Amino acid sequence: MSDSEPGSPRWTIADYVDGDEGRIVALFERVFAKPMGASESLDHWRWKFAANPVGPKVIELVWDGEQLVGQYAISPRRLVCNGERQLAALSLDTMTDPDYGRQGIFTASAEASYARLIDNGFTCVYGFPNANSIHGFEKRLDWRVVMPTPVLVKALDVGEFVADKLGRPGLGPLLSVASRQVSRAPSLVDALAARLRGIEALTVGEFEQFEAWADGLWTRCQAQHGAWVIRDHEFLAWRYDARPESDYLRLRVDGPDGEVAGYAVLAFAEREQGLCAFVMDLLVDLEIPGALASLLHGVEQHARDRGCAFASAMAGPGSRYRQALLRQAYLPLPERLFPQELYFGARVFGDGDQALLQPERWQLSWGDIDVL
């Protein structure tokens, strides 16, 4: 297949075959000017694509002779939407060699991928395009913007950051003390209100890896939201335990009878504002009083212990966790303040469930994006 103009290089589209991954990694690192993995990129590729337990790989590669010049790839996901299980595709690692721009490679490789997705029973494709690419997804690929990525941010210790912005670094220690005290107040008030209602704090501790208990927790919680990725043991073990060169902090809250009441997965990364804690995943049995608040208190304490300036979570307009996060001063981040402006969008195939295009249906997390 080719849509090159007369006089321009001719290229063809072909399905991925075993052995192509070396050239895929090389193209990724040329296009994005960074390694795919922290030190071993091929291991990262094998984890992301070959080891994915969900479903078939759909990777369309664009070749100019023996040279790889483009890719459209998806990562399969199982969703539950309005109680129905669906096979969905997370669009990621879309790339075109800079020397082959404006030749239709993006559109042609995407449509080739979508044809294969439909043949394999996928109901939709979704992803998180940035401001530079969202219009291409809308105009050329019939995507719909569901919502801006619903990022919430809590300031924990912004003294040094504010002092630097003011050009008064000497004020950093004083401003840090003040910001730490102010930012603790919402959690303390929330904890006091819970105690006055007779709700005691629950035990929160670290754990090393996901085990069979995750299936039981997911079964109890799966109806909380209209549309979200199925978080069973198999998926969580792949996404967080098997990811190469990752140092996730896993926290678990236990109920009063010793049952697992919920978990959170945290990642830590340096940003311009300082060290940030990202809530990669959050799942809590809301029928257990105090479980969500206790877990969020544990998240905050661990972030503070590591010296984080900010903590960040996601919660869209329909999230059952949103009000608890807002009470603890996780505030919506205006789009203009995003380090990178991201949108959540989707394309539903054929007669697929249009509820997937409604923002209030979705529960999203940082772990759904796969950037950390």
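The values are calculated or read from the model by the stated rules, or taken from the named source; none is laboratory data. Model, not experiment: these values are computed from the prediction. Positions of Cβ are generated from backbone atoms using ideal geometry, with glycine treated the same way; all protein chains shown enter the neighbour counts. Ligands, DNA and RNA are stripped out before the accessible areas are found, and what is left, the full protein with its side chains, is counted by its heavy atoms. Shrake-Rupley method; radii C 1.70, N 1.55, O 1.52, S 1.80 Å.
Quick look at the numbers
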quantity	calculated
Enumeration of residues in the stretch 308-334 that are over 22 Å from Val371 (Cα atoms), at pLDDT below 95 and assigned to a loop (DSSP other than H, G, I, E, B)	Gln328, Ala329
Residue count for the stretch 231-257, restricted to those that are closer than 20 Å to Val299 by Cα and out of contact with any Leu (no Cβ under 6 Å at 6 or more places or on another chain)	13
Contacts under 6 angstrom Cβ, first residue in the stretch 300-311 being more than 19 Å from Leu282 (Cα to Cα), partner buried (at least 16 other Cβ atoms within 10 Å of the Cβ) and polar (S, T, N, Q), 6 or more apart	Ala309/Gln273
Condition broken by Arg10, with the remaining ones in (1) surrounded by fewer than 16 Cβ atoms within 10 Å (Cβ to Cβ); (2) part of a helix (DSSP H, G or I) satisfied	(2)
Scan of the stretch 179-220 for residues that are assigned to a helix (DSSP H, G or I), modelled with pLDDT of 95 or more and in contact with a Gly (Cβ under 8 Å, 6 or more places away or on another chain), ordered by number	Leu217
Which numbered condition Ala108 misses (of (1) in a helix (DSSP H, G or I); (2) within 19 Å of Phe349 (Cα to Cα); (3) open to solvent by 40 Å² or more (accessible area, probe 1.4 Å))	(3)
Residues located in the stretch 273-289, provided they are under 21 Å from Ala311 (Cβ atoms) and either free of Cβ contacts under 8 Å to residues at least 24 places away in the same chain or out of contact with any helix residue (DSSP H, G or I) (no Cβ under 8 Å at 6 or more places or on another chain) (or both)	Leu275, Cys276
Residue that is touching a strand residue (DSSP E or B) at 6+ places or on another chain (Cβ under 8 Å), over 30 Å from Val145 (Cα atoms) and aliphatic (A, V, I, L, M), where the choices are Ala311, Ala315, Ala303, Ala329	Ala303
Every pair of residues 6+ apart whose Cβ atoms lie under 6 Å, when the first sits in the stretch 213-240 and is among the aromatic types (Phe, Trp, Tyr) while the second is not in a strand (DSSP E or B)	Trp218/Arg231; Trp218/Asp232; Trp228/Gln363; Trp238/Pro53; Tyr240/Tyr248
Every residue from the stretch 249-282 that is open to solvent by 20 Å² or more (accessible area, probe 1.4 Å) and within 15 Å of the chain's Cα centre (by Cα)	Phe268
Within the stretch 61-93, considering residues that are surrounded by fewer than 19 Cβ atoms within 10 Å (Cβ to Cβ) and among the polar types (S, T, N, Q), the one nearest to Gly318 (Cα to Cα)	Asn82
Any hit, the stretch 43-60, residues being in a strand (DSSP E or B), of a type outside the set (A, V, I, L, M) and open to solvent by less than 50 Å² (accessible area, probe 1.4 Å)	yes
Every residue from the stretch 140-155 that is open to solvent by 30 Å² or more (accessible area, probe 1.4 Å) and not in a strand (DSSP E or B)	Arg140, Asp142
Residue that is farthest from Gly101 (Cα to Cα), among those in the stretch 49-84 that are among the basic types (Lys, Arg) and modelled with pLDDT of 95 or more	Arg78
Selection status of Asp247, modelled with pLDDT of 95 or more and either of a type in the set (Val, Ile, Thr) or farther than 21 Å from Ala191 by Cβ (or both)	no
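Conditions (1) without any contact (Cβ under 8 Å) to a residue 24 or more places away in the chain; (2) more than 29 Å from Gln222 (Cα to Cα), marked per residue:
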| position | (1), (2) |
| --- | --- |
| Thr12 | no, yes |
| Gly19 | yes, yes |
| Gly22 | yes, yes |
| Val25 | yes, yes |
| Gly37 | no, yes |
| Glu40 | no, yes |
| Val54 | no, no |
| Ala89 | no, no |
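So that you can scan it fast, the table gives a plain yes or no per residue for (1) within 23 Å of Ser365 (Cα to Cα); (2) touching a Phe, Trp or Tyr at 6+ places or on another chain (Cβ under 7 Å); (3) at pLDDT below 95:
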position: Pro35; (1), (2), (3): no, no, yes
position: Ala38; (1), (2), (3): yes, no, yes
position: Asp43; (1), (2), (3): no, no, yes
position: Leu90; (1), (2), (3): yes, yes, no
position: Thr107; (1), (2), (3): no, no, no
